[in-house]
1. Of everything in segment 268-297, what is closer than 22 Å to SER250 by Cβ and not in a loop (DSSP other than H, G, I, E, B)? Give them in sequence order.
2. Considering only segment 65-75, I want to know if a residue exists there that is surrounded by fewer than 19 Cβ atoms within 10 Å (Cβ to Cβ), free of Cβ contacts under 8 Å to residues at least 24 places away in the same chain, of a type outside the set (Lys, Arg) and within 26 Å of CYS298 (Cβ to Cβ).
3. Can you tell which of GLU337, GLU341 is surrounded by fewer than 21 Cβ atoms within 10 Å (Cβ to Cβ), at pLDDT 95 or above, of a type outside the set (A, V, I, L, M, F, W, C) and assigned to a helix (DSSP H, G or I)?
4. Which residues, taken from segment 129-187, are aliphatic (A, V, I, L, M) and near ligand 1 (Cβ under 9 Å from one of its atoms)?
5. Do any residues in segment 295-307 that are under 13 Å from VAL187 (Cα atoms) have Cβ atoms under 6 Å from those of residues that are within 6 Å of ligand 2 (Cβ to nearest atom) and modelled with pLDDT of 95 or more, where the two are at least six apart or on different chains, and which pairs are they?
6. It is to be established whether one or more residues within segment 231-238 are modelled with pLDDT of 95 or more and surrounded by 15 or more Cβ atoms within 10 Å (Cβ to Cβ).
7. If the Cβ limit is 7 Å and pairs must be 6+ apart or interchain, which residue in segment 141-161 that is part of a strand (DSSP E or B) pairs with which residue that is of a type in the set (A, V, I, L, M) and more than 16 Å from ligand 2 (Cβ to nearest atom)?
Amino acid sequence: MKIDIKANDVWIYGFGAAGKWASDNINASVKGFIDSGAAKHGKKYKDLLVYSPEEAKKQIKSSDSIFVTVLDIQDVIPIIENKFDNKWFALGEFITNQKADLNLTDESDEFIEYTLKAAELCHKSFLKKDNKFLHSVDIVISEKCTLNCKDCANLMQYYEDAKNIDFEMVVRDFENLVSKIDHIFEVRLIGGEPFVNKDIYKIIDYFLDSNKITKLVIYTNATIPLKGDLMKKYVTPKLVFSITDYGALSKNTNKVIDLLEEMNIAYRALPPNNWTDSAVIKDQKRSEDGMIDIFERCCGKNLFTIMYGKLYRCPFVSNAERLHAIPFDDKNGVSLESSIEEIVEYTSGIKYLPACNFCNGRSHDAPEIIPAIQAKEKLPFKKYINITLKES
Ligand code: SF4
Ligand code: SF4
């Protein structure tokens, strides 16, 4: 059954999987897509063009509606309310456990249903002003990686003395967070390469048992084969693998995929793409307005990351602080022992991070670079010593 928002002419905000799916499943005439990502402007899905908000503003009629499909709806509504006078609706308020049904996109039904569930929870919590829900949290379980990409956005190319984060610390940090936050749609285990950490199977067990999350996603570069005997118990729709296939560098992609298929575990395997020059750590001498601007335009600012007892807005700030590569500043992260009010202020109230001064940013219109060029050694960087971090 088609989604009926009781509107005749509609623009879809968001040119992702949910947006394309919605354009085929809405009971209205779709005029086009709106998206902030410059790389998408001018692209088409079934003859429907993608416009920037500025271009769409010139085309849209006052009677048209805007249908928001972007998961991070909190970033999109201010743009719509500033630039347009049109009525808007959120995809998530019209769906409950939605099946892919009519899926004309290039994505699998499983991926569409995953994205629609995320939209449902993100949009409903936004509309209810429920600030005890988080869309996604990354948990770094290793600073070690089997590759050494010179432009790694997680800054692994700078770690001389990389460590694994042990099971006890992962659990303690997560329990601290969910003692205040009610639910998280997805927890993503990341590194470095998470399978370098020998505790990973214990960590997977723990998160699959947690009723505080909907999905557990494991990011891997497929250089380390999975342990089939330990994987047997993981046949659950809660678990998803996200494989970055680095071609010849990912030596065990076929082995990893064969095992996941044999066990019927959901996965996505994609080559590295959309890399931008976001791993430079440098004092950019930005004014406060400059930091507000770069933060506003950053597509990484909602990549909430847990490391060593703190919650951070993005992998740049968490790893730069860990490496002592930026001056220590309390405002860069929030302790997981803080009150819910302090955590909510950090996750939704701030306008920039002091760390944004040291970052190139990850704007939607930043030029792409060649991904995964390997550095021969770890890269040098300037260290700041006025920093205190707890390691256990
Ligand atoms: S594979 Fe490359 S990009 Fe991924 S974590 Fe390792 S160094 Fe970073
Ligand atoms: S430090 Fe600021 S600009 Fe850089 S990725 Fe994080 S939020 Fe974005």
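1. Those that are closer than 22 Å to SER250 by Cβ and not in a loop (DSSP other than H, G, I, E, B): ARG268, ALA269, LEU270, THR276.
2. No; the residues of segment 65-75 include none that is surrounded by fewer than 19 Cβ atoms within 10 Å (Cβ to Cβ), free of Cβ contacts under 8 Å to residues at least 24 places away in the same chain, of a type outside the set (Lys, Arg) and within 26 Å of CYS298 (Cβ to Cβ).
3. GLU341
4. Of everything in segment 129-187, those that are aliphatic (A, V, I, L, M) and near ligand 1 (Cβ under 9 Å from one of its atoms) turn out to be LEU147, ALA153, LEU155, MET156.
5. Pairs that qualify, where the first residue is under 13 Å from VAL187 (Cα atoms) and the partner is within 6 Å of ligand 2 (Cβ to nearest atom) and modelled with pLDDT of 95 or more, are LEU303/CYS314.
6. yes
7. Here the result reads SER142/ILE165; SER142/VAL196; CYS149/ALA372; CYS149/ILE373, each pair linking segment 141-161 to a residue that is of a type in the set (A, V, I, L, M) and more than 16 Å from ligand 2 (Cβ to nearest atom).
Each row is one residue, and each column tells you yes or no for (1) of a type in the set (A, V, I, L, M); (2) farther than 30 Å from TYR352 by Cβ; (3) in contact with a Gly (Cβ under 7 Å, 6 or more places away or on another chain).
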| position | (1), (2), (3) |
| --- | --- |
| GLY42 | no, yes, no |
| ILE60 | yes, yes, no |
| GLU81 | no, no, no |
| LYS87 | no, yes, no |
| ASP109 | no, yes, no |
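The values are calculated or read from the model by the stated rules, or taken from the named source; none is laboratory data. Since we're looking at a predicted model, the values are computed, not measured. Because the Cβ atoms are built from the backbone with ideal geometry, glycine has one as well, and the counts that use them run over all protein chains shown.
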